[in-house]
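Quick notes on the structure that follows.
The values are calculated or read from the model by the stated rules, or taken from the named source; none is laboratory data. Bear in mind that the values here come from a model prediction, so they are computed numbers and not experimental data. Backbone-built Cβ (ideal geometry, glycine too); neighbour counts: all protein chains shown. Heavy atoms of the whole protein, side chains included, go into the accessibility calculation; ligands, DNA and RNA do not. Shrake-Rupley method; radii C 1.70, N 1.55, O 1.52, S 1.80 Å.
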Amino acid sequence: RDRSRERRSGGGEEEWQEVRGRRDRRSKRLNSRPDIATNPKASNYDRDTLTTYFFSDFPEDFGAKAMYNIFQKYGDIVEVVIPAKRDKGGRRFGFARFEAV
């Protein structure tokens with residue numbers, strides 16, 4: 001563990017107080033890997049013809065596979081990525097990549 005101590009002085013007396021570093025907060029993340037759903041034929045697509053869309057405001061229990069299934073009705077979906085991190089407001093977001101949109 002990354003723990004250090006800092007000296008605090010107050011009213012003539014000095015005392016040591018334990019300080020926890022950033023590593024303690026980072027280790028508490030439950031999911032540190034992105035959730036990815038990919039079309040098995042994705043390697044055949046030309047990167048120049050792909051269009052990426054940003055999406056947000058979707059239910060907490062929806063993963064990349066669920067979003068992939070939803071986006072299928074809008075075109076040739078290649079990939080859906082939902083990063084493990086959240087925006088500054090604590091909301092989830094993701095990216096959907098389509099072929100020839």
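The candidates Val78, Val19, Val101, arranged from most to least accessible area with a 1.4 Å probe in the full protein assembly, appear as Val101, Val19, Val78. Where Lys and Arg each count +1 and Asp and Glu each count -1, what net charge lies around Ala64 among other residues with Cβ under 14 Å from its Cβ? With Lys, Arg at +1 and Asp, Glu at -1, the neighbours total 0. Along the axis of the charge dipole computed for the range 34-99 (Cβ charges of +1 for Lys and Arg, -1 for Asp and Glu, origin at the Cα centre), the listed residues Met67, Phe93, Asn44 are led at the positive end by Phe93. Calculated FRET efficiency, Arg47 to Lys85, Cβ-Cβ distance, R0 = 25 Å: about 0.50 to the nearest 0.05. In the range 34-99 the Cα-Cα distances spread across 5 Å bins starting at 0 as 4, 17, 31, 23, 14, 7, 3, 0 percent of all pairs.
With K and R counted +1 and D and E -1, the other residues having a Cβ less than 15 Å from that of Asp46 yield a net charge of -1. 3J(HN,Hα) couplings calculated from phi for the range 44-59 with the Karplus curve 6.51 cos²θ - 1.76 cosθ + 1.60 (θ = phi - 60°) are, in sequence order, 7, 7, 7, 4, 5, 9, 8, 10, 10, 10, 8, 9, 8, 6, 10, x Hz; Gly and Pro show x. If you take all other residues with their beta carbon under 13 Å from the beta carbon of Ile77, and give Lys and Arg +1 and Asp and Glu -1, the sum is +1.
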